[in-house]
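S.K.: Questions regarding the structure given below will be posed in turn.
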Amino acid sequence: MIGTSNVQETPKPPELIKTSIMPPTNVQLVQEVTWPPPPPQVIVSQVEIERPTLMLREMYFLQPVDHFTFTSNNRTFLQRYLFTDQFGDSGNGPIFFYTGNEGDIWNFANNSGFIIEQAAEQNALVVFAEHRYYGKSLPFGTKSFEKSNIVFLSVEQALADFVVLLTKLKTVLDAEDSPVIAFGGSYGGMLSAYMRMKYPNIVLGALASSAPIFSTAGIGSSAQFFRDVTKEFERCNSDCPQQIREAFQALEALGQQEEWNEITNKMHLCEAVMSLKDIERLYGWARNGFTVIAMYNYPYQMNTPRSLPENPVNIVCRIIELIPDPIEALRAGLEIYYNISGDLRCFDIYTQFMPCADPTGCALGSEGQAWDFQACTEINLLYESNGLTDMFPAMPFTETMREEYCHRKWGVRPSQDWLKLQYWGNDLTTASNIIFSNGILDPWANGGVLKNVSSSVIALIIDGAAHHLDLRGSHPRDPAAVTLARKVESLIIKTWVKKHQLYITHVYSKRVIT
């Protein structure tokens, strides 16, 4: 709770925090439970949520706002996490720990079926931990995104949340000897790798799916991302990127002629464009739509977090090919992302898209604000489109532009080299027990690890896979390469776990007094 002085009142740990929670999509609210009996600092809600074959309990843990201060007035907040023990129990069985990223933790739990499948197979406890400043894990409630309060949002603070939660859970569950495997996708995949790198005493191994750890550390080309989005459309139809490029050129020509009404009508915009600045906003809105379509180019329909049809890139390219007017074709292609239900009569480019420090796109609302701040501090996303190596209008985004924006918006200046220094840059030779998986269809792939670093830092390149498809649950339409990749990931994780368990058995046998 937030008082008028912005100081959070500390909850009393032993008390139950009662919540009224609407279940996520495809889940049902079931009987009220309290589990386990809440020890100091573990605060449990009275809600249990059911998915088919899965029971996840929504729980809360008291965390310090700042892990790196020693002052006595350090504030606290409630970090949300999801837990199930239906597949495993305490002892030395594994704990599968999802490192939450930039969103509501239920979204990730509902789209990470591979973890659940492996937990059932390997008798693992499962934890999905929410990232601070996302979902319900807000250190200052609704005031969390004020400039003076958002300063505690960082990779380091989030990792500290995870490791403190893990350590407490292992004690509460009598699972001190249980090996922990971290899982994550995209930014969450980066965090799972960082957990193994920074806290190898806590985390035995990590599966980092679609984790662009190089590009976000400022390593690589600024043209890479939108070039690879374009390649995704080119794979479907070699003419498709040029048709999209020509549509943007037609928009630009109308803008230069100040044909605002024609642009507004052909693009079905809710508000009339009236300046080249509006056209630039329209470009960003359109580029963002095509980017998401490329990232989630799955072979089956996706319903969460946003509905998309199967093979959406193919559908977009077919639509654009069939409609003779290039601008109307562009708009119709973007309907796949912005209006798949057909309910919208017009597009509001000022509410459907928000420019931010991440040119690949920020979410809307508070999640977008949090990610914008992270892209203004540690996460380097200096991607730009140029209209030559990609199909989009030239939209530069330089370090100077980023600095000016971030200082104006948040009063901060980016630390361009911090991730490179803190998390080893492109030299991972001393790392161990990390799987870096990337799909060939994923525009983020070339920002990540694509070659084996050692016998225990493995790169899996998955044919026919888009953004962290391997983390999703098994599906009849999965490409064969995805199914094989999951089998390889499972085998590697089992090997890590078994080796650890043998070591623990050996240690305890040495302690026996004869």
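Readers should treat all values here as calculations from the given coordinates under stated rules, not as data from a laboratory. Since the model is a prediction, treat every value here as computed from it, not as a measurement. Ideal geometry is used to build each Cβ from the backbone, glycine not excepted, and the neighbour counts take in all protein chains shown.
S.K.: With no solvent and one equal point scatterer placed on each C-alpha of the stretch 116-250, evaluate the Debye formula and give log10 I(q)/I(0) for q = 0.17 Å⁻¹, two decimals.
M.R.: For the requested q values the scattering log ratios are -1.01.
S.K.: Identify the chymotrypsin sites (Phe, Trp or Tyr not before Pro) of the stretch 59-129 meeting these criteria: DSSP loop state and at most 11 other C-beta atoms within 10 Å of the C-beta. Please report the intermediate quantities before stating the final value.
M.R.: Details: sites: 60, 61, 68, 70, 77, 81, 83, 87, 96, 97, 98, 106, 108, 114, 128; in loops: 68, 70, 87.
Here the chymotrypsin sites (Phe, Trp or Tyr not before Pro) that fit, given the DSSP loop and packing criteria, are 68, 70.
S.K.: Which GluC sites (Glu not before Pro) from the stretch 93-166 combine a DSSP loop assignment with at most 13 other Cβ atoms within 10 Å? Let's see the in-between values first.
M.R.: Numbers: sites: 102, 117, 121, 130, 146, 156; in loops: 102, 130, 146.
Of the GluC sites (Glu not before Pro), the ones in loops of the stretch 93-166 whose Cβ has at most 13 other Cβ atoms within 10 Å are 146.
S.K.: Next up: With everything on Cα atoms, drop me the angle between helix 326-338 and the longest principal axis of the chain, reported from 0 to 90° to the nearest 10.
M.R.: Orientation of helix 326-338: about 20 degrees from the principal axis.
S.K.: Same structure, new question: Give the long-range amide H neighbours of residue 437: residues separated by 5 or more places, or on another chain, with amide H under 5 Å away, using H modelled in the peptide plane at 1.01 Å from N.
M.R.: Distant-sequence amide H within range of residue 437: 208, 209, 210, 211, 460.
S.K.: Among rounded, prolate and oblate, which fits the stretch 444-504 when a ≥ b ≥ c are the square roots of the eigenvalues of its C-alpha gyration tensor, a/c under 1.5 means rounded, and a/b larger than b/c means prolate? Present the calculation step by step, with values, prior to reporting the outcome.
M.R.: Working: a/c = 2.83, a/b = 1.44, b/c = 1.97.
Oblate, because a/c is 1.5 or more while a/b does not exceed b/c.
S.K.: Rounded to the nearest 20 Debye, what is the dipole magnitude of the stretch 223-410 about its Cα centre when Lys and Arg each give +1 and Asp and Glu each give -1 at the C-beta?
M.R.: 260
S.K.: Continuing with the same structure: Quick check on the exposure proxy: order 131, 506 from fewest to most C-beta atoms within 10 angstrom. It would help to have the intermediate numbers written out before the result.
M.R.: Numbers: 131 29, 506 9.
Ascending Cβ contact count within 10 Å gives the list 506, 131.
S.K.: I need to check one value: relative contact order of the stretch 401-484, counting alpha carbon pairs closer than 8 Å and at least 6 residues apart, in percent.
M.R.: Working: 100 pairs, mean separation 18.8, N = 84.
In percent, rounded to a whole number, it is 22.
S.K.: Another one. Dipole size in debye (nearest 20) for the chain around its Cα centre, Lys and Arg Cβ +1, Asp and Glu Cβ -1?
M.R.: Values: 41 positive and 55 negative charges, 326 e Å.
The dipole of the chain has a size of about 1560 debye.
S.K.: Cα centroids of the stretch 129-194 and the stretch 401-431: how far apart, whole angstrom?
M.R.: Cα centroid to Cα centroid, the span is 20 Å.
S.K.: Follow-up. Can you give the relative contact order of the stretch 223-410 as a percent, counting alpha carbon pairs under 8 Å and 6+ residues apart?
M.R.: On the way: 255 pairs, mean separation 50.7, N = 188.
It rounds to 27 percent for the stretch 223-410.
S.K.: What number, rounded to the nearest 500 deg cm²/dmol, is the helix-based mean residue ellipticity at 222 nm of the chain, given -39500 (n - 2.57) per DSSP H run of at least four residues and division by all its residues? Before the final figure, lay out each step's value.
M.R.: Numbers: 14 runs with 186 residues, N = 514.
The helix-only estimate for the chain comes to -11500 deg cm²/dmol at 222 nm.
S.K.: Assign one of three labels to the stretch 223-410, namely rounded, prolate or oblate, based on the Cα gyration tensor with a ≥ b ≥ c the square roots of its eigenvalues; rounded applies when a/c is under 1.5, prolate when it is not and a/b is larger than b/c, and oblate otherwise.
M.R.: On the way: a/c = 1.41, a/b = 1.21, b/c = 1.17.
Rounded, since a/c falls under 1.5.
S.K.: Note the angle between two axes, namely the Cα long axis of helix 480-511 and the longest principal axis of the Cα atoms of the chain, as a number of degrees from 0 to 90, rounded to the nearest 10.
M.R.: Relative to the chain, helix 480-511 is tipped by roughly 20 degrees.
S.K.: Could you pull out every residue, at least 5 positions away or on a different chain, whose amide H is within less than 5 Å of the one on residue 385? Hs are placed 1.01 Å off N in the peptide plane, and Pro or chain starts have none.
M.R.: 395
S.K.: Here's something else I'd like to know. A 26 angstrom limit on the alpha carbon distance is what I want to check against. Which of 143/170; 136/170; 168/498; 136/409 exceed it? If you can, show how the numbers build up before the last one.
M.R.: On the way: 143/170 32 Å; 136/170 23 Å; 168/498 23 Å; 136/409 24 Å.
Listed pairs above 26 Å: 143/170.
S.K.: Could you run the Karplus curve 6.51 cos²θ - 1.76 cosθ + 1.60 with θ = phi - 60° over the stretch 73-90 and give me ³J(HN,Hα) per residue in whole Hz, x for Gly and Pro?
M.R.: 9, 4, 6, 10, 8, 9, 8, 8, 8, 10, 9, 9, 10, 5, 9, x, 8, 5
S.K.: Here's something else I'd like to know. Name the residues whose placed amide hydrogens come within less than 5 Å of the amide hydrogen of residue 444, ignoring near sequence neighbours (fewer than 5 apart) on the same chain.
M.R.: Result for residue 444 returns nothing.
S.K.: Calculate, axis by axis, the spread of Cα positions in the chain along the three principal axes, and write the results as whole Å, longest axis first.
M.R.: Result, largest extent first: 90, 56, 46 Å.
S.K.: Which shape class applies to the stretch 353-445: rounded if a/c is under 1.5, otherwise prolate when a/b exceeds b/c and oblate if not, where a ≥ b ≥ c are the square roots of the Cα gyration tensor eigenvalues? Kindly include the intermediate steps, with their values, before the conclusion.
M.R.: Values: a/c = 1.73, a/b = 1.25, b/c = 1.38.
Here the stretch 353-445 falls in the oblate category.
S.K.: Straight-line reach from residue 231: which aspartates and glutamates have Cα under 14 Å away, leaving out those fewer than 8 places along the same chain?
M.R.: Within the straight-line cut-off, residue 231 pairs with 239, 390, 442.
S.K.: For helix 365-375, what angle does its Cα long axis make with the longest principal axis of the chain, in degrees from 0 to 90 and rounded to 10?
M.R.: Roughly 80 degrees between the two axes.
S.K.: Something else: Counting only Cα atoms, I'd like the Rg/Rh figure for the stretch 307-349, Kirkwood definition for Rh. The partial results should precede the final answer.
M.R.: Values: Rg = 10.3 Å, Rh = 10.7 Å.
Here the Rg-to-Rh quotient is 0.96.
S.K.: HN-Hα J couplings of the stretch 244-253 from phi, Karplus 6.51/-1.76/1.60, θ = phi - 60°, integer Hz, Gly and Pro as x?
M.R.: Karplus values, whole Hz, x for Gly and Pro: 5, 4, 5, 5, 5, 5, 5, 4, 4, 5.
S.K.: Additional query: Sort 72, 238, 415 so the one with the fewest other Cβ atoms within 10 Å of its own Cβ comes first. Display every interim value, and only then the final one.
M.R.: Values: 72 5, 238 10, 415 15.
So the residues, fewest neighbours to most, are 72, 238, 415.
S.K.: Report, ordered by chain and residue number, the aspartates and glutamates lying within cross-link reach of residue 198, taken as a straight Cα distance under 14 Å and ignoring same-chain residues fewer than 8 apart.
M.R.: 156, 161
S.K.: Per residue of the stretch 280-296, what does 6.51 cos²θ - 1.76 cosθ + 1.60 with θ = phi - 60° give for ³J(HN,Hα)? Whole Hz please, x for Gly and Pro, Karplus curve as stated.
M.R.: Ordered by residue, 3J(HN,Hα) equals 5, 5, 4, 4, x, 4, 5, 4, 5, x, 5, 5, 5, 4, 5, 4, 10 Hz.
S.K.: Loop only per DSSP, at most 15 neighbouring Cβ atoms within 10 Å: give me the trypsin sites (Lys or Arg not before Pro) in the stretch 440-498, ordered by residue number. Mind showing how you got there, number by number?
M.R.: Values: sites: 451, 472, 477, 486, 487, 494, 498; in loops: 451, 472, 477.
Of the trypsin sites (Lys or Arg not before Pro), the ones in loops of the stretch 440-498 whose Cβ has at most 15 other Cβ atoms within 10 Å are 451, 477.
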